[in-house]
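Below: one structure, written as structure tokens.
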Amino acid sequence: MADTSNFRNGLIMRIDNQLYAIVEFQHVKPGKGGAFVRTKLKKIPEGAVIEKTFRAGEKIEEVRVDRNTYQYLYSSNGLYYMMDTETYEQIPLSAELVKEIIPYLKENTEVSVLMDGSTPLSVELPTFVELAVKETDPGLRGDTAQGGSKPATLETGAVVSVPLFIEVGDILKVDTRTGRYIERA
């Protein structure tokens with residue numbers, strides 16, 4: 001058991017037989033009344049974010065999970081196959097478990113899989129991935145007074161907004177948290 005003083009981003013806890021990860025938390029000490037902790041919790045594996053308030057010192061059930069590095073190999077029949085980079089053991093993951101990261105997932109990408117024993121709970125991509133532009137309109141200079149942007153379809157099917165100078169075949173660095181173009185790689 002832990003209490004609110006142990007809160008940190010990424011901490012996984014069990015509430016009403018459901019697993020939640022702390023996305024964000026804030027200790028609040030109002031001038032009147034007792035202190036409390038306001039949190040944003042992400043439900044694992046669904047990904048829904050809820051807000052919950054805890055009294056200061058309230059006990060919670062902390063869950064210990066393992067974070068293992070896996071390499072994405074391929075998908076077949078709605079399953080996504082990952083290989084443990086240390087033991088070379090392959091595990092299939094359901095489309096439901098990886099639905100959040102599919103737009104940025106390409107073969108041989110290394111991902112982090114949170115495991116509760118031998119049960120996979122969630123899959124996380126690196127913060128940035130490099131993907132090739134598969135399709136985009138030509139950017140015409142002079143069409144805008146400022147910079148301007150256009151949509152580009154990446155090799156995984158994701159669509160991101162890019163500057164006008166980006167062309168088909170360019171490799172882009174994309175932030176997987178926001179889905180935004182960062183720079184050319």
From Y20, Y80, Y88, residue being within 27 Å of Y181 (Cβ to Cβ) and not small (G, A, S): Y80
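Does E110 meet the test of being closer than 30 Å to R64 by Cα, modelled with pLDDT of 90 or more and over 23 Å from the mean Cα position of the chain (by Cα)?
Against the criterion (closer than 30 Å to R64 by Cα, modelled with pLDDT of 90 or more and over 23 Å from the mean Cα position of the chain (by Cα)), E110 does not qualify.
On the basis of being under 22 Å from A21 (Cα atoms) and of a type in the set (S, T, N, Q), does T119 make the cut?
Yes, satisfied.
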Any idea which of (1) of a type in the set (A, V, I, L, M, F, W, C); (2) at pLDDT below 90; (3) under 22 Å from V113 (Cβ atoms) is the one L73 doesn't satisfy? (2)
Among strands (runs of 3 or more DSSP E) lying entirely in the stretch 38-124, which contain 3 or more residues that are among the hydroxyl-bearing types (S, T, Y)? 66-76
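Look at L121 and say whether it is closer than 26 Å to L11 by Cβ, surrounded by 14 or more Cβ atoms within 10 Å (Cβ to Cβ) and in contact with a helix residue (DSSP H, G or I) (Cβ under 6 Å, 6 or more places away or on another chain). Step through it out loud before you land on a result.
Working: closer than 26 Å to L11 by Cβ: yes; surrounded by 14 or more Cβ atoms within 10 Å (Cβ to Cβ): yes; in contact with a helix residue (DSSP H, G or I) (Cβ under 6 Å, 6 or more places away or on another chain): no.
In short, no.
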Only one of these is on the phi < 0 side of the Ramachandran plot, touching a residue at least 60 places away in the same chain (Cβ under 8 Å) and either hydrophobic (A, V, I, L, M, F, W, C) or not assigned by TED's automatic domain parsing to the domain that holds D175 (or both): L97, L114, L105. Name it. L114
Output for the stretch 32-81, where each listed residue is acidic (D, E) and either more than 21 Å from S122 (Cβ to Cβ) or exposed (fewer than 13 other Cβ atoms within 10 Å of the Cβ) (or both): E51, E58, E61, D66
Candidates K59, K42 - the one that is within 20 Å of D175 (Cα to Cα) and out of contact with any Pro (no Cβ under 9 Å at 6 or more places or on another chain): K42
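The values are calculated or read from the model by the stated rules, or taken from the named source; none is laboratory data. Quick caveat: nothing in here was measured; it's all calculated off a predicted structure. Positions of Cβ are backbone-derived with ideal geometry, glycine not excepted, and every protein chain shown enters the neighbour counts.
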